[in-house]
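What follows is a single structure, written as structure tokens, with notes after it.
The values are calculated or read from the model by the stated rules, or taken from the named source; none is laboratory data. Bear in mind the structure is a predicted one, so any value in this text is a computation, not a measurement. A quick note on method: Cβ atoms are made from the backbone with ideal geometry, for glycine too, and the neighbour counts reach across all protein chains shown. SASA here: full protein model, heavy atoms, side chains in, ligands and nucleic acids out. Shrake-Rupley method; radii C 1.70, N 1.55, O 1.52, S 1.80 Å.
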There are 2 protein chains.
Amino acid sequence: MYNYGIAIHGGAGTISKSLMSEEKEIAYKSALQEARDIGYEMLEKGGSAIEAVTLAVSSLEDCPLFNAGKGAVFNAEGEHELDASIMNGKNLEAGAVAAVQGVRNPIQLAQLVLNHSDHILLMGEGALKFASPFKIAMEDADYFHNEHRFNQWQKMKGSDDFQLDHSDKPKQYLGTVGAVALDVHGDLAAATSTGGMTNKKFGRIGDSPIIGAGTYANNNTCAISCTGSGEFLMKGVTAYDISCMMEYAGMSLIDASNQSINKRLLDLGGDGGIVGIDRAGNIAMPFNCEGMYRASRNQQEACVLIYK
Amino acid sequence: MYNYGIAIHGGAGTISKSLMSEEKEIAYKSALQEARDIGYEMLEKGGSAIEAVTLAVSSLEDCPLFNAGKGAVFNAEGEHELDASIMNGKNLEAGAVAAVQGVRNPIQLAQLVLNHSDHILLMGEGALKFASPFKIAMEDADYFHNEHRFNQWQKMKGSDDFQLDHSDKPKQYLGTVGAVALDVHGDLAAATSTGGMTNKKFGRIGDSPIIGAGTYANNNTCAISCTGSGEFLMKGVTAYDISCMMEYAGMSLIDASNQSINKRLLDLGGDGGIVGIDRAGNIAMPFNCEGMYRASRNQQEACVLIYK
């Protein structure tokens, strides 16, 4: 039996300790713990890594604290456009959706694409047409309305600024949720979901629905889910970069992910972090900014963390 | 002065010699030669690799023989949705558009995204909104209408089949144009453009607008443009994979691209090929199917080829 385990994140950025109340910290941590344990329990009873990451990410999507699903930020039109991707390390099958509206759990739609389509990435209305024979939960605008997010948007509306979720600086862009897992069968999987950037325009697609950039899984190496400044993760092809350092340079997950986040992404000028797990169950969660909402659990240990 | 050069492709697939007339072969070859030489002349007078690949790809987009720009195939709604991406190996800056309609030269729109946006990938209507302050050439449906493409679509319309351009088998999907170049300053660039697959549905996005999958350029390694079965190139993160083999495993461009196309892509079940150039001006154009429309030129030699 493999050394199964899970790691999740709820985004990274300039998470100021001074602006964080005790209640808020408890709320974030208990949401992370819940999502992690939903995934872990699936692994414990022999479920697949794909099921575990889908459950964990769905739980984070249902929580208004994180920028994905229910908690998604407002775009320049005051709407919610959701992106998600999922990859199975066993066979490299992948599914992803970009700029879908009204979908309660975009990660579940990405999983439908993985399971039932010859394609990998479907966007907008087209993705919803694909989904129509399947019963997926749809929600109206009220469900996604959140006063805090609305106020974030009001401050930027009409300007050229855009903002990452867990950041007070405009033109920064973090705010994603994700999960990676290794199951008892030795299979890896990764999943990522996001509401994008506050006030985003022009049908911008970030790293989250891109296989290789925001998400990658391969049983030969690792499973990775990224969060941070999406455009830099796209230039760096960060998720696959970590896998390549392991495969081609023989590096460990810890060394490869550190190199990718604390050297290569920084050199590009990007902020962010990843959660990763390898086929031995080793977990890495490096980030190069103030904080990253994150949690992990395997048979030996468990943690829920925000700061370094 | 660097050993400047250019390589281009017009798609790969089951290009049957028995179905190719002499006139058709001459038409393809002269279009390839023209596009290649437009790019090469820019390099010769000291222009940048980015300029050279934009010119070469624009020329292929203007030719009805190739599935990009004017020659784009019909999607399931009888429309033309165009994808393109471009990357500068000097600074890793990139621009891309997905599912844009009515744009004469999608590669020039991708270059505008590279030059004038904080984002990398813009889609659909949003990309056109971004473009509106710039004077880009727009065309109506008549411009993109082509009897051959229309008949290809009529055969599949209403079915679940889709087809790659240079293939008679349904559910195959090739048909892309692309270019890579090294300029006298030692800078690399890559560009890719496509009309997607005949009868494509659901807002499918393939590898062509994805940095890392269809396009990648990095002065430290190589510039790559892919063509072939898009979903497999996405799973393989093929363009970046070649760069990683060079960077992390110390392989040559020739060996890395052969390994990626003739081993890894084949193992995944994918058809296709690439054009690539490294910082020394070495050119590679491997493909694992019957043919690939391709041409290259540097100071030592020049070629225009279709079959192995």
Kirkwood-based Rg/Rh on the Cα set of region B:37-91 evaluates to 1.10
Of B:5-13, B:63-71, A:284-292, ordering from highest average Cβ density within 10 Å down gives B:5-13, B:63-71, A:284-292
Note, region A:36-47: 3J(HN,Hα) by Karplus (6.51, -1.76, 1.60, θ = phi - 60°), whole Hz, Gly/Pro = x, goes 4, 6, 4, x, 4, 5, 4, 5, 4, 8, x, x
Relative contact order in percent for chain A (Cα pairs under 8 Å, 6+ apart) equals 26
Please list, in chain and number order, the residues 5+ apart from B:A189 or on another chain whose amide H is under 5 Å from its amide H, with Hs placed from the backbone.
-> B:G89, B:A181
Table column - 3J(HN,Hα) (Hz), region B:78-83, Karplus curve with 6.51, -1.76, 1.60, x for Gly and Pro | x, 10, 10, 10, 10, 10
Free-standing Cys, chain A [no other Cys Cβ under 4.7 Å] = A:C63, A:C222, A:C226, A:C289, A:C303
Cα lying deepest toward the dipole's positive end in region A:5-307, options A:G212, A:L82, A:A181, charges on Cβ | A:G212
Rounded to the nearest whole number, the per residue volume of the convex hull around the C-alpha atoms of the protein assembly as shown in Å³ is 133
What whole-number value in Å² describes the accessible area per residue of the protein assembly as shown for a 1.4 Å probe?
-> 34
Farthest positive-ward along the protein assembly as shown dipole, Cα basis, beta-carbon charges - from B:N67, B:H116, B:G13 | B:G13
Please state, as a whole number in µm²/s, the translational diffusion coefficient that the Stokes-Einstein equation yields for region A:150-308 at 20 °C and 1.002 mPa s, with Rh defined as the Kirkwood radius across alpha carbon pairs.
-> 136
Determine the shielding of peptide B:85-92 by partner chains: average, over its residues, the number of Cβ atoms on other chains within 10 angstrom of each Cβ.
-> 1
Derived scalar couplings ³J(HN,Hα) [region B:267-276; Karplus, 6.51 cos²θ - 1.76 cosθ + 1.60; whole Hz; x for Gly, Pro] | 4, 6, x, x, 9, x, x, 9, 10, x
Determine the shape class of region B:1-103: with a ≥ b ≥ c the square roots of the Cα gyration tensor eigenvalues, call it rounded for a/c under 1.5, and otherwise prolate if a/b is greater than b/c, oblate otherwise.
-> oblate
Using a label position 7 Å from Cα in the Cα→Cβ direction, what is the ascending list of nm distances from B:G250 to the same site in the other copies?
-> 1.0
Across peptide A:128-137, what mean number of C-beta atoms from other chains lies inside 10 Å of a residue's C-beta?
-> 1
In region A:236-279, what residues drop by 40 Å² or more in accessible surface going from the chain by itself to the full protein assembly, probe 1.4 Å?
-> A:V237, A:Y240, A:Y248, A:R264
Treating the beta-carbon of each Lys and Arg as +1 and of each Asp and Glu as -1, no other charges, what is the dipole magnitude of chain B about its Cα centre, to the nearest 20 debye?
-> 360
Summed buried accessible surface, chains B and A, 1.4 Å probe, nearest 100 Å² = 3700
Would you mind listing the distances between the A:P133 label point and the same position in each other copy? Use 7 Å along Cα-to-C-beta, nm, one decimal, shortest first.
-> 4.5
At 7 Å along the Cα-to-beta-carbon direction for both A:D160 and B:Q154, put a label point, then send me their distance in nm to one decimal.
-> 4.9
Within 10 Å of each Cβ in peptide B:97-104, how many partner chain Cβ atoms are there on average? Round it to a whole number, please.
-> 2
From the label point of B:H145, set 7 Å from Cα along Cα→Cβ, how far away are the matching label points in the other copies, in nm, ordered shortest to longest?
-> 4.7
Losing no less than 20 Å² of accessible area (probe 1.4 Å) relative to the isolated chain, the residues of region B:203-223 are B:G203, B:R204, B:I205, B:I210, B:I211
Overall form of region B:5-307 per C-alpha gyration tensor (a/c, 1.5; a/b vs b/c) | rounded
Could the peptides A:180-186, A:254-260 be put in order, highest first, of the mean number of other beta-carbon atoms found within 10 Å of their residues?
-> A:180-186, A:254-260
Solvent-accessible area, 1.4 Å probe, carbon plus sulfur percent, for chain A | 47
Tensor-based shape of region A:253-308 (alpha-carbon gyration tensor, a/c under 1.5 rounded, otherwise prolate or oblate) | oblate
Above-threshold pairs, the threshold being 22 Å between Cα atoms, out of A:K201/B:K135; A:K17/A:K200; B:K24/B:K263; A:K235/B:K90 | A:K17/A:K200; B:K24/B:K263
How big is the gap, in Å, between the Cα center of region B:1-60 and the Cα center of region A:26-69?
-> 50
